[in-house]
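Asker: I have a structure I would like to understand better, so I am pasting it below and will then ask my questions one at a time.
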Amino acid sequence: MVGTVQADRHQNTVHVVPEAGQKIARSVQDLNTVADAWHSLATTDLDSVTLEKDRIVGHLSGGEAHHFDMMRTRVLQQMRQNGWRRLAITSPTAGCGKSTVAVNLALSLRRQAEVRTVLLDCDLRRPSLARMLGIDGGMNLGACLRGDQEFAATARRIGPNLALAANREPALDAGEVFGGRYLPLALAAVDETFAPDVMIFDTPPMLLTHDLMSFAGHVDCVLLVAGAEMTTVKEIDLCERELATQTNVMGVVLNKCQHIGDGYGYDAYE
């Protein structure tokens, strides 16, 4: 029996208390199981040419990455203080650079060796993360969130501690996916199997669809990305008020990035 030995000096007896030892054993076993799950994910490399074209710098040290490292520090501090692990990143409208912020923050977190990060492209109608990172392949996060595929089958591991799950094609049933009964189960399965310290969700612009408001109750906090000289104070106030009814607003990022890849747009939304 695994346990702790305690002596009773008055009765000259010895008692074995198994609970403490068994808890330690289970903890080690859980850590090994999580490590195995991460190790089993298919790996992918980043394309440096694509990263540069899309202004992705979070994988670098110093230079332009400094701003995202500062964001990383503040995000981690606030999430740890509040016991938060799920962070959604959104914007009032298209073109504010929310996906660029999400990718750069995730890659900056990747350079924190002790932090396990999962990045999910939940902008199902206009997926962009796989393209921005130069990753080919049949990733289909939508199938995972519908319950048709396990997370491990669609995710790719970038280095030892960052997992990405994205979509190569738009999902026409995004509204049904976000409002579906399986969505919380899928997210809970990722939590249970991979035990990420931070989950980042790149989500649709708030004022163009109802998708984020269907999803907001599943995250702990939201970071709102505003585009310089394009997002109005009225739009920011409206988004903050609506988000506050379902989750915590971590803050607003003023983003001056003007580059959005060809073909990216929300004109088809009604």
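The values are calculated or read from the model by the stated rules, or taken from the named source; none is laboratory data. What you see is a predicted model, and the numbers here were worked out from it, not measured in a lab. Note that each Cβ is placed from the backbone with ideal geometry, even for glycine, and that neighbours are counted across all protein chains shown.
Asker: Hey, ALA143 hits all of (1) free of Cβ contacts under 8 Å to residues at least 12 places away in the same chain; (2) within 16 Å of the chain's Cα centre (by Cα) but one; which does it fall short on?
Answerer: It fails just one condition, (2).
Asker: Looking only at residues in the stretch 203-245 that are part of a strand (DSSP E or B) and hydrophobic (A, V, I, L, M, F, W, C), which one is surrounded by the most Cβ atoms within 10 Å (Cβ to Cβ)?
Answerer: So the first thing to find is which residues in the stretch 203-245 are part of a strand (DSSP E or B), and the list is 221-227.
With the extra rule that they be hydrophobic (A, V, I, L, M, F, W, C), the set shrinks to 221-226.
Working: CYS221: 20, VAL222: 26, LEU223: 22, LEU224: 23, VAL225: 22, ALA226: 21.
Filtering first and then ranking leaves VAL222.
Asker: Testing VAL118 on (1) assigned to a loop (DSSP other than H, G, I, E, B); (2) under 16 Å from the mean Cα position of the chain (by Cα), one condition comes back false. Which one is that?
Answerer: So the condition that VAL118 fails would be (1).
Asker: Give me the pairs: first residue in the stretch 40-53 and surrounded by 12 or more Cβ atoms within 10 Å (Cβ to Cβ), second residue assigned to a loop (DSSP other than H, G, I, E, B) and of a type in the set (A, V, I, L, M, F, W, C), beta-carbon distance under 6 Å, and six or more apart or on different chains, which are they?
Answerer: Partner pairs satisfying both residue conditions: LEU41/ALA155; THR44/ILE135.
Asker: Do we find that GLU176 is over 15 Å from CYS144 (Cα atoms), free of Cβ contacts under 8 Å to residues at least 40 places away in the same chain and acidic (Asp, Glu) in this structure?
Answerer: Working: over 15 Å from CYS144 (Cα atoms): no; free of Cβ contacts under 8 Å to residues at least 40 places away in the same chain: yes; acidic (Asp, Glu): yes.
No, not satisfied.
Asker: Going through the stretch 173-202 one residue at a time, which ones are surrounded by fewer than 20 Cβ atoms within 10 Å (Cβ to Cβ) and assigned to a loop (DSSP other than H, G, I, E, B)?
Answerer: Those that are surrounded by fewer than 20 Cβ atoms within 10 Å (Cβ to Cβ) and assigned to a loop (DSSP other than H, G, I, E, B): ASP173, GLY179, GLY180, ARG181, TYR182, ALA195, ASP197.
Asker: Among the residues of the stretch 60-110 satisfying the criterion of being basic (Lys, Arg) and out of contact with any strand residue (DSSP E or B) (no Cβ under 7 Å at 6 or more places or on another chain), which is surrounded by the most Cβ atoms within 10 Å (Cβ to Cβ)? Step through it out loud before you land on a result.
Answerer: Going residue by residue through the stretch 60-110, those that are basic (Lys, Arg) are 72, 74, 80, 85-86, 98, 110.
Next, only the ones that are out of contact with any strand residue (DSSP E or B) (no Cβ under 7 Å at 6 or more places or on another chain) stay: 72, 74, 80.
On the way: ARG72: 24, ARG74: 12, ARG80: 12.
Among those residues, the one meeting the criterion is ARG72.
Asker: Filter the stretch 189-240 for residues that are of a type in the set (A, V, I, L, M, F, W, C) and without any contact (Cβ under 8 Å) to a residue 12 or more places away in the chain and give the result.
Answerer: Kept after step one, since they are of a type in the set (A, V, I, L, M, F, W, C), are these residues of the stretch 189-240: 189-190, 194-195, 198-201, 206-208, 212-213, 215-216, 219, 221-226, 228, 230, 233, 236, 238-239.
Correct list: VAL233 only.
Asker: Please work out if ASN161 is modelled with pLDDT under 95, within 23 Å of ARG110 (Cα to Cα) and either among the small types (Gly, Ala, Ser) or in contact with a strand residue (DSSP E or B) (Cβ under 7 Å, 6 or more places away or on another chain) (or both).
Answerer: Numbers: modelled with pLDDT under 95: no; within 23 Å of ARG110 (Cα to Cα): yes; either among the small types (Gly, Ala, Ser) or in contact with a strand residue (DSSP E or B) (Cβ under 7 Å, 6 or more places away or on another chain) (or both): yes.
Criteria not met by ASN161.
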